[in-house]
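Asks: Submitted below is the structure of interest, expressed as structure tokens.
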Amino acid sequence: MDQLKQLRMRQHRQTMLKMVSEIHQGKLNITQAANKFSVTRHTVKTWLVKVEDKAFEHPVSKKLVPSTSKILQFGRTDKDAAAQVDELMAKVSSLEEELDAAKFKAIY
């Protein structure tokens, strides 16, 4: 009887890990995953947090978790976001200048 219980738990875990994997790959969103795997949205969110937390505990697995996690985005302050926007705008303008120079060289 214990073996049957462990087998069911293992199957559930594998299914939930597959669900999280499909979400991270961009194939499904939370609502679609809940419908496909016949679970609640709360269960989907719980497993997402569980897998992401476990990945952050192991340095090798950090690259498996998307760097733009919604959980991390909510922790930013307005000053941090404004500074990042300024930095990215400066980078974009410098890249545009390099592109113009490269186009000019390619033409002549």
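A short reminder: the numbers here are calculations on the coordinates, not readings from a lab. Just so you know, these numbers come straight off a predicted model, no measurement behind them. Glycine also receives a Cβ, built like all others from the backbone with ideal geometry; neighbour counts cover every protein chain displayed.
Asks: With labels modelled as points extended 7 Å from the Cα through the Cβ direction, what inter-label distance (nm, one decimal) is found for Lys91 paired with Lys103?
Replies: Simple spin-label model gives 2.2 nm for this pair.
Asks: Then there's this: Provide the net charge surrounding Gln32, with neighbours chosen by a C-beta distance below 14 Å and charges set as Lys +1, Arg +1, Asp -1, Glu -1.
Replies: On the way: positive: Lys18, Lys27, Lys36, Arg41, Lys45; negative: Glu22.
Neighbour charge sum, excluding Gln32 itself: +4.
Asks: Length gain on complete extension for the stretch Arg8 to Asp53, per 0.36 nm per residue less the alpha carbon to alpha carbon distance? Mind showing how you got there, number by number?
Replies: Details: separation 45, 0.36 × 45 = 16.20 nm, distance 2.37 nm.
Extra length from Arg8 to Asp53 when fully extended: 13.8 nm.
Asks: Based on other C-beta atoms within 10 Å, arrange Glu96, Glu52 from fewest to most.
Replies: Listing Glu96, Glu52 from fewest to most nearby Cβ atoms yields Glu96, Glu52.
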